[in-house]
Amino acid sequence: TTYLHRGSGAVVELGHGSGGGFSFRQDVGSNISWVWHNGRVEAQEELACPKVETLLREHESGGKAGKPKGLLYNRYKSVFWVGEANGDGSVVWRNVNNPIKLELVKGGFRF
């Protein structure tokens with residue numbers, strides 16, 4: 001599941017594997033990082049689905065703002081991420097197996 005922040009150009013990709021982390025790129029062309037379930041950040045070669053980032057950037061000026069589906073499942077068909085939209089326009093994703101929370105906010109994201 002990938003989000004593009006239209007204002008900042010940041011991309012966030014939620015992991016669906018067993019680790020419960022996520023990837024991000026601060027803006028177009030910047031390095032990609034992976035955030036582990038414990039908050040440790042390390043360099044990553046590429047996003048798991050780089051074509052999704054390309055498609056999102058190609059359609060950046062159109063389309064609708066992303067809304068969370070509520071529940072995202074991992075490869076074992078178990079609930080893995082729980083998302084909710086807040087009244088201020090932000091979206092919060094919480095991993096059900098690990099203490100990681102990702103907030104998509106007006107200025108970008110924070111974790």
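The values are calculated or read from the model by the stated rules, or taken from the named source; none is laboratory data. Everything quoted here is computed from the prediction, not taken from an experiment. Virtual Cβ from ideal backbone geometry, glycine too; neighbours counted across all protein chains shown. Each accessible area value is taken on the protein alone, full model and side chains, heavy atoms only, with ligands, DNA and RNA left out. Shrake-Rupley method; radii C 1.70, N 1.55, O 1.52, S 1.80 Å.
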(request) With runs of 4+ DSSP H residues as the only contributors, calculate the mean residue ellipticity of the chain at 222 nm using -39,500 (n - 2.57) per run, divided by the residue total and rounded to the nearest 500. (result) -2500 deg cm²/dmol
(request) Largest first and to the nearest Å, give the Cα extent of the stretch 23-62 along each principal axis. (result) 35, 16, 16
(request) Give a residue-ordered list of calculated ³J(HN,Hα) values for the stretch 39-56 (Karplus: 6.51 cos²θ - 1.76 cosθ + 1.60, θ = phi - 60°; whole Hz; x for Gly, Pro). (result) x, 5, 10, 9, 5, 9, 5, 7, 5, 5, 10, x, 5, 5, 4, 4, 4, 4
(request) Treating the Cα atoms of the chain as identical point scatterers in vacuum, please give the log10 of the normalised Debye intensity I(q)/I(0) at q = 0.17, 0.20 Å⁻¹, two decimals. (result) -0.80, -1.14
(message) Give me the dipole magnitude in Debye, nearest 20, for the chain about the Cα centre, with unit charges on the beta carbon: positive for Lys and Arg, negative for Asp and Glu.
(response) 360 debye
(message) Please list, ordered by chain and number, the residues whose modelled amide H lies under 5 Å from the amide H of residue 80; skip anything fewer than 5 residues away on the same chain.
(response) 72, 73, 74
(request) Would you kindly give the portion of the calculated P(r) for the stretch 72-111 that falls above 11 Å, as a percent of all Cα pairs? (result) 63 percent
(request) For 13, 103, give the ranking by accessible area with the largest first, probe 1.4 Å. (result) 103, 13
(message) List residues of the stretch 1-33, by number, whose backbone nitrogen lies under 16 Å from a label position 7 Å along Cα→C-beta of residue 79.
(response) none
(message) Cut-off under 14 Å on the C-alpha distance; same-chain residues fewer than 8 positions from residue 101 excluded. Which aspartates and glutamates are left, in chain and number order?
(response) 13, 84
(request) With springs only between Cα atoms under 10 Å apart, run a GNM on the chain and tell me which of 59, 16, 37 wobbles the most. (result) 59
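On a 1.4 Å probe surface of the protein chains, which of 88, 27 comes out largest in accessible area, and what is the full order?
The ranking, largest first, comes out as 88, 27.
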